[in-house]
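Below is one structure, written out as C-alpha cells, with a few remarks after it.
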Protein chains: 8
Amino acid sequence: MDPIDKQILFHLQNQARMSMTELGKCVNLSQPAVTERVKRMEEKGIIEQYRTIISNEKTGKHTTAYMLFRTSDCHAFLDFVQTSPHVIECHRISGEHNYLMKVITESNRSLEEFGNSCDKYGTYSILIVMSTPVEYKNPIFSLDDISSPDLL
Amino acid sequence: MDPIDKQILFHLQNQARMSMTELGKCVNLSQPAVTERVKRMEEKGIIEQYRTIISNEKTGKHTTAYMLFRTSDCHAFLDFVQTSPHVIECHRISGEHNYLMKVITESNRSLEEFGNSCDKYGTYSILIVMSTPVEYKNPIFSLDDISSPDLL
Amino acid sequence: MDPIDKQILFHLQNQARMSMTELGKCVNLSQPAVTERVKRMEEKGIIEQYRTIISNEKTGKHTTAYMLFRTSDCHAFLDFVQTSPHVIECHRISGEHNYLMKVITESNRSLEEFGNSCDKYGTYSILIVMSTPVEYKNPIFSLDDISSPDLL
Amino acid sequence: MDPIDKQILFHLQNQARMSMTELGKCVNLSQPAVTERVKRMEEKGIIEQYRTIISNEKTGKHTTAYMLFRTSDCHAFLDFVQTSPHVIECHRISGEHNYLMKVITESNRSLEEFGNSCDKYGTYSILIVMSTPVEYKNPIFSLDDISSPDLL
Amino acid sequence: MDPIDKQILFHLQNQARMSMTELGKCVNLSQPAVTERVKRMEEKGIIEQYRTIISNEKTGKHTTAYMLFRTSDCHAFLDFVQTSPHVIECHRISGEHNYLMKVITESNRSLEEFGNSCDKYGTYSILIVMSTPVEYKNPIFSLDDISSPDLL
Amino acid sequence: MDPIDKQILFHLQNQARMSMTELGKCVNLSQPAVTERVKRMEEKGIIEQYRTIISNEKTGKHTTAYMLFRTSDCHAFLDFVQTSPHVIECHRISGEHNYLMKVITESNRSLEEFGNSCDKYGTYSILIVMSTPVEYKNPIFSLDDISSPDLL
Amino acid sequence: MDPIDKQILFHLQNQARMSMTELGKCVNLSQPAVTERVKRMEEKGIIEQYRTIISNEKTGKHTTAYMLFRTSDCHAFLDFVQTSPHVIECHRISGEHNYLMKVITESNRSLEEFGNSCDKYGTYSILIVMSTPVEYKNPIFSLDDISSPDLL
Amino acid sequence: MDPIDKQILFHLQNQARMSMTELGKCVNLSQPAVTERVKRMEEKGIIEQYRTIISNEKTGKHTTAYMLFRTSDCHAFLDFVQTSPHVIECHRISGEHNYLMKVITESNRSLEEFGNSCDKYGTYSILIVMSTPVEYKNPIFSLDDISSPDLL
C-alpha cells in the first residue's frame, strides 16, 4: 500500500459509490489504473466492504444502547447474539464483563423486553446512549498523513 | 418507505457499489425507477452514507479498545475526542461514566500512550477487544420482515 | 393546553380540593368555564389523579429506603412487588440493576425482614433515606413559565 | 386514629376531590361528622396535602431518570437542587453516594444537558427509567387491614 | 439518669473493677448511695455488662479482619456465625452486602481457611486490619458533657 | 498461660466485677492464689482492661453505622477521628478504602450531619446497622478448648 | 545472615551462574570460604532456587494478563490452576476476589479461550498487561543497606 | 529454537547453576556443543537472566501484597516506583486502574506506611496475599511438549 493507495482510500471511505473516472481525477490516475488499484486492495482484504448506512431514526429505531455482559455459557450466548435482530455489534472484552454488545430497538420499552430476553444468559449492565458526538470517524484521518506528495 | 424501498435497502446495505441496473433486477424495477427511489431515500436521510470499510489489521492498527470515561469538563474532552485520530466513535451514555469511546491504535503499547494523553480529561476504564463475534449486522436483518410480497 | 390551562394546573397541583368557584377567581374565569376546562384535562389524561398525601411518620412508618434490585426472573419479582404493602414505587431502570423500588416500613428492623423476604428473587442493595431535602416539587414550577399574560 | 379514620383515608387517598357527603356515605357517617374527622386529621398532620397528579407524558416530559449523586459540598448542591425545575425529589441516602434525585426532562438529550449542569457539584450515576410497573401504591393498602368492622 | 449517674459511668466505663468506696469518693457520695445508683442502672439496662478485655496478640490471635457478606440464606448463615469461634461480631447492614462480621484468627493462613468455610453461605469481601488507631472510645467522652457541676 | 489461667479468663470475661473469692471457687484455687494469677495476667498485658458496657439505646444513641473511608490525608483524618465523640472504633484496612470506622449517633438525622462533617477528609460509604445478631462473642469460646482438666 | 552473606546475595541475585572464584573476589573471600557460605544459605532456605529466566516474547507468548478470580470451589479451581500451562503464578488474596493469577498465552485470542476454560470455576476480571515498567527488582536493593563495611 | 534447545531450557529453568558437562549429559550432547547452544540462546535474548531466588520470609519480609493503582501523573508515579525498595514488580494494565504493583514489606504495619507514602500519587486498592498456591511455574511445562524425540 503506497501513498496513492492511501489517497484512493481517503476519497473512497465516505463516498463508496464514487465512479472510477471521478476517483481517477482525484488522484491523478487514468480510470483503468485506478480500477486496477481498487481491485487489488479488495483482493488483499484492505477494502472489506462497501456499506450503505441507513438511518436508525428514519427506520423507527429510536433507542441505542450498549450492554456489558457477563455470561458463563459463551456458546448459548453467542447463538442468541447471532440471531437476534437487535444486536448489531458484539465484542469479547477484557475486564469484569466478557462481552460488550451494541443494541438497537424501537423504544426504551422494547429495550426492556430485549433485556428480559437476555436474563437467561447471564448478568448485564445497560448503558443507554443519550447522544453520539462522534458517530464514526474516517480511518484515513487526513491527507497530511500521506508522505511523498511528489508521487502525486 | 414501502416494501420495495425496504428490499432496495436490503440489497444495498452491504454492496454499496452495486449498479442501478443490477439493483433494479433484484427488485423487479427498471433502472430509472430504482434510481429515482434511491435518490428519494438519500434526500429523506434514510440513506445516510455509502461507506468503504477499510481493514484495521491490514492498515497496521492491531489494537481495538473501548474506554468508559468520566469527565467533568465535557467541552475540553469533546474537543480532544474530535481531533484525536485514535477515537473513531464516541457516545454519551447513562450510568456512572458519561462517555463510551471506541479507540483504535497500532499496538497495546500505543494504547497505553493514548491512555496517558487522556489522563488530564478525567478517569477511565480500558476494555481491550480480544475478538469480535459480530462486527456489524445489517439493519435489514432478513427478507422475511418485508410484508406484501405480491408487490414484487 | 393553553396558558389558562397551565394556570389552572398551577393552582390545583397542591390544593386538589379547591372549589371550582375559588379556582375560577384565581384564573379570571366563571365557575362553569373553569369546570369545563378541568373536566377536559381529566378526559385527556393531563390530570391523572387527585391524591391525598398521608404522613408516613404519623401512621407509624418510620423507615423509608430505596432498593436497587437485580433479578433474572422478572415475572415472579413483579408479582411479589405488586402485592407487597411495603413497596410503594417500582421502576425498571438502566444500569447494572434492573429495578429501583421505594420501600416504607415501620422500623429498620422491619426493613431487614422485608429484605429477607426479597432474597429469593435476586440480589439487591439497600439505600436507607436519612432525610428528604425535596419530598416533591410541583411540576408547574412557577407562573413565569406561562406565556401570553394578556390572555388573563 | 381509629378504624373509621383509617377507612376515611382509604377512600380519600386516590380521590382527593370526593365531597364530604359522598365520603360520609362510604363510612356510614353524617356529612358534619366526617368533615370534623377530616379536619382533625389535617390539623394533626396525618393528611399532609391534596395533590393533583399531572401527566408527564402529556406535558411534554418524556424522560424520567434517577441520579445517584456524590457531592462534598452539600450546601451548594442543595441550593442547585431546590431551584432546578428538573429535580422533583431529592433524598439523602446511606451507601457510597449521598443523594438520590428523581429528575424529569423533555428528552434523553435534555437529560444529558441537565447532567452537564450537575458536573460542578460532584460525580453521579444516571439510571434512566424504561418503565414503571408501580407508579404509586396507596399507603392504606386494603380494607382488610382495618380491625373492628362492627364499628361500621 | 442524672448528671451524677453520668459521672459514675464516666469513672466506671474503663475501670469496671473499681470498688464502690473508691467510686463514691470520685463522685462525692457515700458507698451505700453509690452502690444503690449502680444497682439501679444495672436493673434498667443502662449498664449491660462488665467485660474483661483479653489481648488477642497475647492469646495467639494475630489476624483481625472484617468481612462484608452477601448471603441469600440468612438462617443457615446465622447458625454458622453463632457457632464459629472466629466470628466475634456480626451486624446486619444496609448497602449491597447484608452482613458485616469481625473475625479473629491465628494467622493470615487460618483466615484463608475460615474464608473457605464461608464459601457455601454466599460471597464476601475480606478487609484485613493492618492497624487500629482507635480500638475503643469510651461512650462518656468527657466530663465537660455533664451539666450542673454544682450538684457535685 | 496455663489451662487454669484460661479457666480464670473464661469466668472473668463477661463478669469483670466478680470477687476474687468467688473466682477462686470457680477454678478450685484459694483467693490469694487466684489474685496472684490475675495480677500476673494484668502485668503481662493478657488482661487489657475491665470495661463497663453502657447501653447505646438507653443513653439516647439510636443509630449505629459503619463507614468505609478513603482519605489521602491520613494525619488530618486521624486527628478528626480521635477527637470526634461519634467515632468509637477506627481500623486501617486493606482493600479500596483505607479506614473502617464504627460511628454512633442519636438518630439517622445526626448521622447525616456527621457525614457532612467528614466530607472534607475524603470519600466514604455509610453502612447503617439494622440489627446486631452477634454483638460480642467471648474470646474464650468454651471450656472444651481447655486441655488437661486433671490440672484442676 | 551477616553483612558478608548479604553481599554474596547482592552479587548472586541476578548472576546466578557466577563461579565461586569470581564471587569470592567480589566479597574478599577465598573460593572455599564463599562456597561454604553459599551452601549454608541453600541449606537454611535463604537461597530458594537458581532460576533461568526465559523470554516470553522469544518463545511465542505475546500476551500477559492478570486475572482476579472469585470461586466458591477452591479445590476444583486449584487443581485446574496447578495443571494449566498458562497459569504461572497464583495467589490467595484479601478483597472481593479470592485469587489473583498471572497468565501467559500466545495471543489475545488464546487468552479468550483460556478465559472460556475458566468459566466453570467462577467469575473473574481480566487485566491485560500493556507494558511492564518494573519486571523484577532485586530484593537486595543496594549495597548501602549493608552495615559494617569494615568487615570486608 | 529446535527441540534440543527446548530440552536444554527445560533442564536449566530451575537449576540455573547446573554445569555444562551435566547439562550435556541430560540432552546427549558434548560439553562444547551444549555450551555453544546456551551461548547462542543468551545472545538471541531467549535466555534473559540467571536469577537467584532469595526467601522473603528468611530475610524478614513477612507481608506480600498487590496494589491496584490509579494515577493521573504517570511520570511522578513511575519515578517513585523505580526507586522504592518495596515495589518489586509493576505492570501497566487495562481496566479501571492503570497499574498493578507487587509490594513486599516487613509486616502489615510497614505495608500501611508504604500505603501512606503512595497517597500523593493517586488512589489504590490493597490486596494482601494470604498464601501462594503457585509461586512460579516453569515456562517449559513438560517434556511432552517437545516434538521429534528421535533427535535425542
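The values are calculated or read from the model by the stated rules, or taken from the named source; none is laboratory data. Not measured: the values here are computed from a predicted model. Backbone-built Cβ (ideal geometry, glycine too); neighbour counts: all protein chains shown.
The listed residues are B:I47, B:I88, and the only one of them that is buried (at least 18 other Cβ atoms within 10 Å of the Cβ) and farther than 30 Å from A:S125 by Cα turns out to be B:I47.
Of all residues being part of a helix (DSSP H, G or I), closer than 30 Å to F:E113 by Cα and of a type in the set (G, A, S) in segment C:108-132, which is farthest from the other protein chains (Cβ to nearest Cβ)? Just the residue, please. Explain how you work it out, then say what you get.
At the first step, the residues of segment C:108-132 found to be part of a helix (DSSP H, G or I) are C:108-121.
Next, from what is left, pick out any that are closer than 30 Å to F:E113 by Cα: C:108-116.
Next, only the ones that are of a type in the set (G, A, S) stay: C:110, C:115.
Details: C:S110: 9, C:G115: 7 Å.
Only one residue tops the list, namely C:S110.
Of the residues making up segment C:71-92, those that are facing another protein chain (nearest Cβ under 7 Å) and in contact (Cβ under 8 Å) with a residue 12 or more places away in the chain number 8. Of the numbered conditions (1) under 30 Å from H:I93 (Cβ atoms); (2) at pLDDT 95 or above, A:D73 satisfies every one except a single condition; which is it? All conditions pass for A:D73, except number (2). Taking segment A:25-48 as the range and being in a helix (DSSP H, G or I) and closer than 30 Å to B:K44 by Cα as the test, the residues that pass are A:K25, A:C26.
Given the criteria surrounded by fewer than 16 Cβ atoms within 10 Å (Cβ to Cβ), charged (D, E, K, R) and at pLDDT 95 or above, does G:D119 qualify? Walk me through how you get there before you give the answer.
Details: surrounded by fewer than 16 Cβ atoms within 10 Å (Cβ to Cβ): yes; charged (D, E, K, R): yes; at pLDDT 95 or above: yes.
Spelling it out, G:D119 is indeed surrounded by fewer than 16 Cβ atoms within 10 Å (Cβ to Cβ), charged (D, E, K, R) and at pLDDT 95 or above.
Would you pick out the residues in segment D:111-121 that are over 23 Å from the mean Cα position of the chain (by Cα) and either among the aromatic types (F, W, Y) or not assigned by TED's automatic domain parsing to the domain that holds D:Y66 (or both)? Before you say what the answer is, go through the steps one by one.
So the first thing to find is which residues in segment D:111-121 are over 23 Å from the mean Cα position of the chain (by Cα), and the list is D:112-113, D:115-121.
Within segment D:111-121, just D:Y121 meets the criteria.
Number of residues in segment E:41-62 that are in contact (Cβ under 8 Å) with a residue 40 or more places away in the chain, facing chain F (nearest Cβ under 8 Å) and in contact with a Ser or Thr (Cβ under 6 Å, 6 or more places away or on another chain): the value is 1.
Please specify each residue of segment C:97-113 satisfying the condition of being touching a residue at least 24 places away in the same chain (Cβ under 8 Å) and surrounded by fewer than 20 Cβ atoms within 10 Å (Cβ to Cβ). I'd like the intermediate steps shown before the answer.
We begin by selecting, within segment C:97-113, every residue touching a residue at least 24 places away in the same chain (Cβ under 8 Å); these are C:97-108, C:110-111.
Matches in segment C:97-113: C:E106, C:S107, C:S110.
Residues in segment B:104-127 that are hydrophobic (A, V, I, L, M, F, W, C) and farther than 29 Å from D:H97 by Cβ: B:I104, B:L111, B:F114.
For every residue, the table says whether it meets (1) outside the structural domain of H:Y124 (by TED's automatic domain parsing); (2) at pLDDT below 95; (3) over 30 Å from G:N108 (Cβ atoms).
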| position | (1), (2), (3) |
| --- | --- |
| H:R17 | yes, no, yes |
| H:Q31 | yes, no, yes |
| H:G45 | yes, no, no |
| H:L68 | no, no, no |
| H:F80 | no, no, yes |
| H:H86 | no, no, yes |
| H:C90 | no, no, no |
| H:L100 | no, no, no |
| H:R109 | no, yes, yes |
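Taking (1) more than 7 Å from chain H (Cβ to nearest Cβ); (2) at positive phi in turn, G:V34 satisfies each apart from (2).
Can you tell me which residue within segment F:1-15, out of those that are assigned to a loop (DSSP other than H, G, I, E, B) and polar (S, T, N, Q), is modelled with the lowest pLDDT?
Per the stated criteria, the residue is F:N14.
Taking the residues in segment C:1-44 that are touching a strand residue (DSSP E or B) at 6+ places or on another chain (Cβ under 9 Å) and farther than 16 Å from C:I140 by Cβ as candidates, determine which candidate is surrounded by the most Cβ atoms within 10 Å (Cβ to Cβ). Applying the filter and picking the extreme gives C:R17.
The single condition among (1) buried (at least 22 other Cβ atoms within 10 Å of the Cβ); (2) under 16 Å from the mean Cα position of the chain (by Cα) that H:F77 does not satisfy is (2).
Out of all the residues in segment F:63-70, is one or more more than 30 Å from H:G122 (Cβ to Cβ), more than 9 Å from chain E (Cβ to nearest Cβ) and either within 18 Å of the chain's Cα centre (by Cα) or buried (at least 16 other Cβ atoms within 10 Å of the Cβ) (or both)? So far as segment F:63-70 goes, yes, one or more of its residues are more than 30 Å from H:G122 (Cβ to Cβ), more than 9 Å from chain E (Cβ to nearest Cβ) and either within 18 Å of the chain's Cα centre (by Cα) or buried (at least 16 other Cβ atoms within 10 Å of the Cβ) (or both).
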